[in-house]
Structures are given as structure tokens and as C-alpha cells.
Amino acid sequence: MSMLVLDGFPEPTLVQREAGGFLDAHTHPFEVQALVLSGQIDLVVDGVRTAYISGEVFRLLANQVHTERYGSNGVQYLASRKNSAEVI
């Protein structure tokens, strides 16, 4: 949590995604930093797939094109979102 505050991120929220779910290529208008609590999330950014499991942190830049796929048990993660206008 203190790392998030130092990086200018607000309090994280719990995100839960269903087993085997998928989101096609999309972007977010905010930067994301997230800690995986359980399950698995696979992110594809610039054609490179990276799997994140419990205890790992992932980060996406604002407007970064990516896809998401959730593991066979779904995924739960704490996500903090920082609008680009909030960058110090």
C-alpha cells in the first residue's frame, strides 16, 4: 500500500473476474497497478503474453492496448487506478 501512495495511486479496490473469461483488445484512460490475490490473469501487451499469479504485481499504462484472459479459477486482484491528469 505504501508503494502505491508513494507512486501517487489511490486506495485499491478488489476486482474479481470469472473463470475462463476474456476481454479482447482494449485500453483504459488511466494507469493501473494491481496485486493478484488468487487465480491467474494473462495480459497480452505489444504481442507479448505474460501470466500473473497470486503475489505478483502487474502494471498497465494509460491508453495501453492489451487483452485479458482469466485462469481456470478466475482471478481476484487489488487494483489502483491513477488518471494521467493526476500525475505529479
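Please treat every number below as a calculation from the coordinates, not as lab data. Computed from a prediction, not measured in an experiment: that's the story for all the values here.
The length gained on full extension between residue 25 and residue 83, counted as 0.36 nm times the residue separation minus their Cα-Cα distance, comes to 18.9 nm.
Kindly identify the chain as rounded, prolate or oblate by the Cα gyration tensor criterion: order the square roots of the eigenvalues as a ≥ b ≥ c, call it rounded if a/c is under 1.5, otherwise compare a/b with b/c, prolate if a/b is larger, else oblate. In terms of gyration-tensor shape, oblate.
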